[in-house]
Amino acid sequence: MVQNGINGLQITRGQWHSGLTLDNHLSRAFLTEPVMASTFVSQLFNFQNNFASPIDYLTRGMGRTMELTNRQYRWPLMGDTEKAVRIVGRNGDTSTTPGIGGGLFQIVVEERLFESTDVLVFDDRGYRARVMRDPEQVGNGWLLTLKLTNPDAAYFIPASQLTNGCQVSKDYSTVSEFSDKGGSSYFATPFMMENHLTTLRKEYTVSRSVATDVMVMEMVDPTTKKSSKMWVNYQEWVHMGQWMREVERSYWYSNYSADANGVTSMKGQNSLPVYEGAGIREQIAPANIRYYTTLNERIIRDFLIDLTYNVSTEGNRKFVAFTGEYGMAEFDRAMRDSAQFFTLVDSKFVTGTGQELALGGQFTTYRGINGTEITLKHLPLYDNTIHNRKLHPTTGRPLESYRFTILDFGVNGGESNVVKCYKKDSEFVSWHIEGSCGPGGVKRGQSAASSLDGYSVHFLSEVGIMIKNPLSCGELICDAA
């Protein structure tokens, strides 16, 4: 067995010997210590490109989890306590110089959010007006009588600022001496987000002849240099890898399957409903999905600034961007194009001395203005040519590989914005049904639960990913088709 390798993870094939104990078997580990084993496997597969599960590693592996007692779950999301209100008409006023000479003018807005004394600002902040009377209901809107705050008699507000679709918002309220009322207050109420867990299942069989094929996995702690070993059948390793990839795909791609009443028409063979929760991609707010043809630093900078408007006050404005190999290459190129206008100090991109120079390094983190920061995390799912068959017209590689899914992992109220959720005692359930043999070896004259010349292994998870504030997450998608 290899003790000192080129990295901290050793994977080798071996043979059964006296040192192999039943307690070191993966199946037994999941039966005796499922949480420990699940975390171990998550970390182990994260180090292997073929089985990498970055979202599971950044949630379960980092303690960002939530145990639920129900399949369906809800959480409140508070909207902004201030808002702009849309103008829906002018109540028949066709003046091209509204408000001139200090005169009153009227608009109709779609909500009763303002009262007399409130000073409103229009889309162009150069124009402000005070509400002079309490609003009156007109059809489905509310009539506001306004007077411009500018004392210039020749001053008026352009009619273009009052057209349907323009907006007004409140700056503050002004009153006279000995006033009998103050300005309006309004409150945003939380709205509920809802999702439900997805129940995933997989099974496989191990023949008696394959049951003795062995693999040794060893992980070395880079700090303590202590190793952790796990003995596992080769076939278990292969199917565990497939299982990890399937669960990972459900985290990203699954779609909410229930209707407005929480009912799904999808039925299993037992006629019971098959529920599928919304994955990461479906949870991201549609308004935060942008497209690019050629990525540059300005696109990244502006997008991060837009996302920070929706980050909680406790948030640290640091984002993680999941992308494929070509997305990472596009990001690096964009950063290099931008960096050519600056002087690089203590650059690590050129190494060596004399004539033995090497050019290398890659930009993987961007720090923008106002404390914004984005770090790339490779997502192998986006590179997979089997599942991503829409190709980039120039490179012939999957367009998904160029996608950036940007998540806010900030903390609010002591809880992470991105959390792995699971049903109590159902984060990962594993069991086996023995036939002629089991994980412990071949049976000799013992009873069996199955007539199979081998044994079967079953996996089940009831899990999902919850993004508490989807407004602080977004996607940059390559539009090159």
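Going through (1) buried (at least 18 other Cβ atoms within 10 Å of the Cβ); (2) of a type in the set (Ser, Thr, Tyr); (3) modelled with pLDDT under 85 one by one, Tyr251 falls short only on (3). Take the conditions (1) loosely packed, with under 11 Cβ neighbours inside 10 Å; (2) at pLDDT below 90; Gly315 misses just one of them, which is (1).
Of all residues in region 60-104, those satisfying the criterion of being modelled with pLDDT of 85 or more and among the hydroxyl-bearing types (Ser, Thr, Tyr) are Thr65, Thr69, Thr94, Ser95, Thr96, Thr97. Residues in region 364-377 that are surrounded by fewer than 17 Cβ atoms within 10 Å (Cβ to Cβ) and touching a Ser or Thr at 6+ places or on another chain (Cβ under 9 Å) were compared, and the one that is farthest from Met244 (Cα to Cα) is Asn370. Pairing residues of region 260-288 that are among the polar types (S, T, N, Q) with residues that are surrounded by 10 or more Cβ atoms within 10 Å (Cβ to Cβ) and in a loop (DSSP other than H, G, I, E, B), at Cβ distances under 6 Å and at least 6 apart in sequence or on separate chains, gives Thr264/Ser257; Thr264/Ala258; Thr264/Tyr275. Here region 133-175 is the region considered, the condition is being among the polar types (S, T, N, Q) and closer than 12 Å to Glu110 by Cβ, and the residue that is surrounded by the most Cβ atoms within 10 Å (Cβ to Cβ) is Gln167. Residues in region 261-313 that are touching a Lys or Arg at 6+ places or on another chain (Cβ under 7 Å) and part of a helix (DSSP H, G or I) were compared, and the one that is nearest to Arg249 (Cα to Cα) is Phe303. Return a yes/no flag: does region 264-279 have any residue that is out of contact with any Ser or Thr (no Cβ under 9 Å at 6 or more places or on another chain), of a type outside the set (Ser, Thr, Tyr), at pLDDT 90 or above and under 22 Å from Lys420 (Cα atoms). Looking for residues that are out of contact with any Ser or Thr (no Cβ under 9 Å at 6 or more places or on another chain), of a type outside the set (Ser, Thr, Tyr), at pLDDT 90 or above and under 22 Å from Lys420 (Cα atoms), one finds none in region 264-279, hence no.
Take Ser338 and tell me if it is closer than 30 Å to Arg245 by Cβ and modelled with pLDDT of 70 or more. Criteria not met by Ser338. Working carefully through the options Asn288, Asn310, Asn270, Asn296, find the one that is exposed (fewer than 14 other Cβ atoms within 10 Å of the Cβ) and not basic (Lys, Arg). Selected residue: Asn270, the only one of Asn288, Asn310, Asn270, Asn296 that is exposed (fewer than 14 other Cβ atoms within 10 Å of the Cβ) and not basic (Lys, Arg). Before we move on, is Glu427 assigned to a helix (DSSP H, G or I) and either at pLDDT 90 or above or under 28 Å from Arg201 (Cβ atoms) (or both)? When the stated conditions are applied, Glu427 does not pass them.
With a requirement of 1 or more residues that are over 30 Å from Ile465 (Cβ atoms) and in contact with a strand residue (DSSP E or B) (Cβ under 6 Å, 6 or more places away or on another chain), the strands (runs of 3 or more DSSP E) lying completely within region 117-196 that satisfy it span 118-121, 128-131, 136-138, 141-148, 167-173. Do we have any residue at all in region 107-118 that's of a type outside the set (Ser, Thr, Tyr), exposed (fewer than 11 other Cβ atoms within 10 Å of the Cβ) and outside the structural domain of Asp259 (by TED's automatic domain parsing)? Within region 107-118, none of the residues are of a type outside the set (Ser, Thr, Tyr), exposed (fewer than 11 other Cβ atoms within 10 Å of the Cβ) and outside the structural domain of Asp259 (by TED's automatic domain parsing). Within region 439-472, the set of residues being of a type in the set (Gly, Ala, Ser), assigned to a strand (DSSP E or B) and either free of Cβ contacts under 8 Å to residues at least 24 places away in the same chain or surrounded by fewer than 15 Cβ atoms within 10 Å (Cβ to Cβ) (or both) comprises just one member, Gly441. Which number in (1) modelled with pLDDT of 90 or more; (2) farther than 27 Å from Met240 by Cα; (3) not in a loop (DSSP other than H, G, I, E, B) marks the one condition that Leu357 misses? Condition (1) is where Leu357 drops out. Do we find a residue being modelled with pLDDT of 80 or more and either assigned by TED's automatic domain parsing to the domain that holds Leu452 or among the polar types (S, T, N, Q) (or both) anywhere in region 216-238? No: zero hits. Do we find a residue being closer than 26 Å to Asn310 by Cβ, touching a residue at least 12 places away in the same chain (Cβ under 8 Å) and in the same structural domain as Tyr57 (by TED's automatic domain parsing) anywhere in region 383-401? Within region 383-401, one or more residues are closer than 26 Å to Asn310 by Cβ, touching a residue at least 12 places away in the same chain (Cβ under 8 Å) and in the same structural domain as Tyr57 (by TED's automatic domain parsing).
The values are calculated or read from the model by the stated rules, or taken from the named source; none is laboratory data. As the structure is a prediction and not an experimental result, all values here were calculated from the model. In this analysis, Cβ positions are derived from the backbone assuming ideal geometry, glycine residues included, and neighbour counts consider all displayed protein chains.
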